[in-house]
Amino acid sequence: MTISYVLMQNLRRNRLRTGLTLVAFALPMAIFVAAISFVVALVELSAASQKELRLAVHQKTTITNMLPEALRRKIEALDPDRQRLTAVCGMRWFGGRVPGEQNTITSLAADADTFPIVYSDTNLTDADVAEWMRERRAAVVGQAVAERYGWKVGDLRTLTSTVPPYLSLEFKIVKIVDNPTRQNFFYFRRDYLQESRKAAGSDDPLCNVFWIKCRSAEALRSLQKDIDATFAHTPDETKSEDENAFAANFIQAAGNIPGLMQAMALVVVVIIALVAGNTMMMSFRERTRELGVFKAIGFPRLRVFIIVLGESLMLALIGALLGVLPTVTMLTLFPLPRLNFGPITQLRISPVAVVGSLIIALAVGIAAGLWPAYQAMRLRTTDALRSVA
């Protein structure tokens, strides 16, 4: 009689309980994989943004209080030899909507001359840059936005602003960006916006934020201090943040989503640990006499220990696989609709989450089965044979 045969017989002994236990493992594990994949996606996007060495400068009180466009020249004057910064790009929120739609696109008007430099991760080719500079209505669109509305390069599209004076502007798409960090964005030329605002009687050359492309992490930190010190105690007092800190302000506005996901994952681990522990203790009490028979016919103590612990491990691993494999398969073959959570456009299952879930399942299986297995190993044969199941 092999250990594998005994384990399979034990799993078949109470099919209903085994099935419910597997389901109790599978569902939390599916949630765990999705939650950790979301957190991993945020971490990966954060790392990608950090490499770009961009510094955001905005009004100290709130980003909705705007800064004069002349601030760009003052910032550039702090590094006339361009030893620390490459370029400065002023941006203004447009918040456009497709006519007839309620969803607001993250649409921003950017300085035409420096946008291709500061946002080099849009991967504009020389031809794209030439078209961006030539076409006053030029727009650079994230792939997620383009797919959502069926747009392609060369299309003329109209967006209506959600902020006064509520302009409706026509744009020509010159580039669709597939970079994961730029998927939900829509960029166009700020001079085009300024001309349109002036024609509508609203001539205020202001920016919500100035983005600075820095040459190194040390340059970014030194500029951050110098800029805020330069404009301290002035009407245009600034707050400078690296791109990750700036983006975190918007993510936290929707709640501490990463923290919530991590808390959810922790709850999942606790749930499956309780389920597994309860199941194994019940199984041990029901099979006390059977374990005594094993010992009576010559099973060594270590083998009895392995049988009980192996059952716990099998339950945990099979349950985890039943939760993880269908989740990975479904989201791979039938991906969810495009998300619109900051830079995250689609939930992709992370290999880190899959491996982590299996490691946790094995750890829970060991933790849940260790005490019953130890009790089984120490069980006296005579006491076990006298027990009543």
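Which condition breaks for ARG92 when tested against (1) of a type in the set (D, E, K, R); (2) surrounded by fewer than 21 Cβ atoms within 10 Å (Cβ to Cβ); (3) at pLDDT 80 or above?
So the condition that ARG92 fails would be (2).
Checking CYS214 against (1) buried (at least 19 other Cβ atoms within 10 Å of the Cβ); (2) without any contact (Cβ under 8 Å) to a residue 12 or more places away in the chain, only one condition comes out false. Which one?
Unmet for CYS214, out of (1) buried (at least 19 other Cβ atoms within 10 Å of the Cβ); (2) without any contact (Cβ under 8 Å) to a residue 12 or more places away in the chain: (2).
I'd like to check something: does the stretch 80-88 contain any residue that is touching a Ser or Thr at 6+ places or on another chain (Cβ under 7 Å) and crowded, with 21+ Cβ neighbours inside 10 Å?
Yes, some residue in the stretch 80-88 is touching a Ser or Thr at 6+ places or on another chain (Cβ under 7 Å) and crowded, with 21+ Cβ neighbours inside 10 Å.
Does ARG84 count as within 27 Å of THR122 (Cβ to Cβ) and more than 23 Å from the chain's Cα centre (by Cα)?
yes
Among (1) surrounded by fewer than 17 Cβ atoms within 10 Å (Cβ to Cβ); (2) at pLDDT 75 or above, there is one condition SER312 misses while meeting the rest; what is its number?
Failed condition: (1).
Of all the strands (runs of 3 or more DSSP E) wholly in the stretch 105-187, which have at least 2 residues that are surrounded by fewer than 19 Cβ atoms within 10 Å (Cβ to Cβ), at pLDDT 95 or above and in the same structural domain as GLU69 (by TED's automatic domain parsing)?
Once the strands (runs of 3 or more DSSP E) in the stretch 105-187 are filtered for at least 2 residues that are surrounded by fewer than 19 Cβ atoms within 10 Å (Cβ to Cβ), at pLDDT 95 or above and in the same structural domain as GLU69 (by TED's automatic domain parsing), what remains is 156-161, 168-177.
Could you please tell me which pairs satisfy a Cβ distance under 7 Å, a separation of 6+ or placement on different chains, a first residue in the stretch 45-57 that is part of a loop (DSSP other than H, G, I, E, B), and a second residue that is surrounded by 18 or more Cβ atoms within 10 Å (Cβ to Cβ)?
Correct list of pairs: GLU52/GLU243; LEU53/LYS213; LEU53/CYS214; LEU53/LEU220.
Hey, ASN208 hits all of (1) among the polar types (S, T, N, Q); (2) at pLDDT 95 or above; (3) closer than 28 Å to ALA47 by Cα; (4) out of contact with any Lys or Arg (no Cβ under 6 Å at 6 or more places or on another chain) but one; which does it fall short on?
Single failed check for ASN208: (4).
The values are calculated or read from the model by the stated rules, or taken from the named source; none is laboratory data. As the structure is a computational prediction, the values presented were derived from the model and not from experiment. Backbone-built Cβ (ideal geometry, glycine too); neighbour counts: all protein chains shown.
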